[in-house]
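A short worksheet on the structure shown next.
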């Protein structure tokens with residue numbers, strides 16, 4: 001599993017315009033514009049990204065999927081959010097799958113980092129560097145962990161980027177500092193559920 005995870009809030013890759021829309025995790029996620037790139041998958045409520053093969057359950061490890069998609073109609077980039085309630089707080093994760101030609105995990109992270117920090121007050125780097133995905137030596141990864149303030153509340157957030165080759169992944173999550181321990185446990189459960197997914201080597205030819 002991915003170790004020592006503290007994921008972070010919303011971020012975008014410079015040069016990629018991500019326009020997101022939110023809604024319930026229902027069939028609406030695979031109709032209209034999004035049906036071009038997603039389809040219903042085996043379990044009720046699950047969707048699959050047709051080009052990469054990544055599957056996103058409606059609920060997993062106590063998290064519920066948000067219906068958030070990019071409006072990039074190349075099909076090369078998309079982002080989906082997951083939320084989990086804990087007491088009066090939310091643990092938020094954004095999972096993005098993108099095609100970044102000739103860009104490794106560290107470069108991907110360096111592009112994301114400045115935009116990510118803009119969403120918090122007084123951000124501080126706790127740790128950053130190469131990241132080892134247990135059981136997946138084929139995946140190069142890079143991670144940054146941060147503290148900051150969000151609307152005056154102490155916050156934990158982080159970003160992890162993973163290089164699968166043609167496809168790259170970005171895992172970003174955030175939660176209030178006061179629920180650090182249960183949030184990390186919840187995130188580990190979610191990541192474990194996704195750990196063994198591997199995207200197709202490249203986008204299928206049209």
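Details
- Taking the conditions (1) under 20 Å from residue 53 (Cβ atoms); (2) more than 19 Å from the chain's Cα centre (by Cα); (3) in a helix (DSSP H, G or I) in turn, residue 181 satisfies each one other than (1).
- Within segment 84-100, if we keep just the residues that are outside any loop (DSSP other than H, G, I, E, B) and out of contact with any strand residue (DSSP E or B) (no Cβ under 6 Å at 6 or more places or on another chain), the residue that is farthest from residue 166 (Cα to Cα) turns out to be 86.
- Checked against the criteria, residue 79 counts as surrounded by 17 or more Cβ atoms within 10 Å (Cβ to Cβ) and in contact (Cβ under 8 Å) with a residue 60 or more places away in the chain.
- Residues of segment 38-65 that turn out to be in contact with a helix residue (DSSP H, G or I) (Cβ under 9 Å, 6 or more places away or on another chain), within 26 Å of residue 182 (Cβ to Cβ) and without any contact (Cβ under 8 Å) to a residue 60 or more places away in the chain, as a count: 4
- Residue check, residue 103 modelled with pLDDT under 90, in contact with a strand residue (DSSP E or B) (Cβ under 9 Å, 6 or more places away or on another chain) and farther than 29 Å from residue 59 by Cβ: yes
- Residue within segment 70-83 that is assigned to a loop (DSSP other than H, G, I, E, B) and either within 23 Å of residue 188 (Cβ to Cβ) or at pLDDT 90 or above (or both) present: no
- For first residues located in segment 126-142 and touching a residue at least 12 places away in the same chain (Cβ under 8 Å), partners that are assigned to a loop (DSSP other than H, G, I, E, B) and buried (at least 18 other Cβ atoms within 10 Å of the Cβ) and lie 6+ apart or on another chain with Cβ distances below 6 Å form the pairs 133/139.
- Checked against the criterion of being modelled with pLDDT of 95 or more and either under 29 Å from residue 87 (Cα atoms) or surrounded by 14 or more Cβ atoms within 10 Å (Cβ to Cβ) (or both), segment 186-201 has no qualifying residue.
- Total residues in segment 105-140 satisfying the condition of being in contact with a helix residue (DSSP H, G or I) (Cβ under 7 Å, 6 or more places away or on another chain) and assigned to a helix (DSSP H, G or I): the figure is 0.
- Filtered residues of segment 143-177 (kept if touching a residue at least 40 places away in the same chain (Cβ under 8 Å) and over 25 Å from residue 110 (Cβ atoms)): 176
Matching residues to (1) closer than 19 Å to residue 81 by Cβ; (2) surrounded by 22 or more Cβ atoms within 10 Å (Cβ to Cβ); (3) touching a strand residue (DSSP E or B) at 6+ places or on another chain (Cβ under 9 Å); (4) modelled with pLDDT of 95 or more:
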position: 113; (1), (2), (3), (4): no, no, yes, yes
position: 128; (1), (2), (3), (4): no, no, yes, yes
position: 138; (1), (2), (3), (4): no, no, no, no
position: 147; (1), (2), (3), (4): no, no, yes, yes
position: 156; (1), (2), (3), (4): yes, yes, yes, yes
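The values are calculated or read from the model by the stated rules, or taken from the named source; none is laboratory data. Because the structure is a prediction, the values reported are computed rather than measured. Cβ coordinates were reconstructed from backbone atoms using ideal geometry, including for glycine residues, and neighbour counts include every protein chain displayed.
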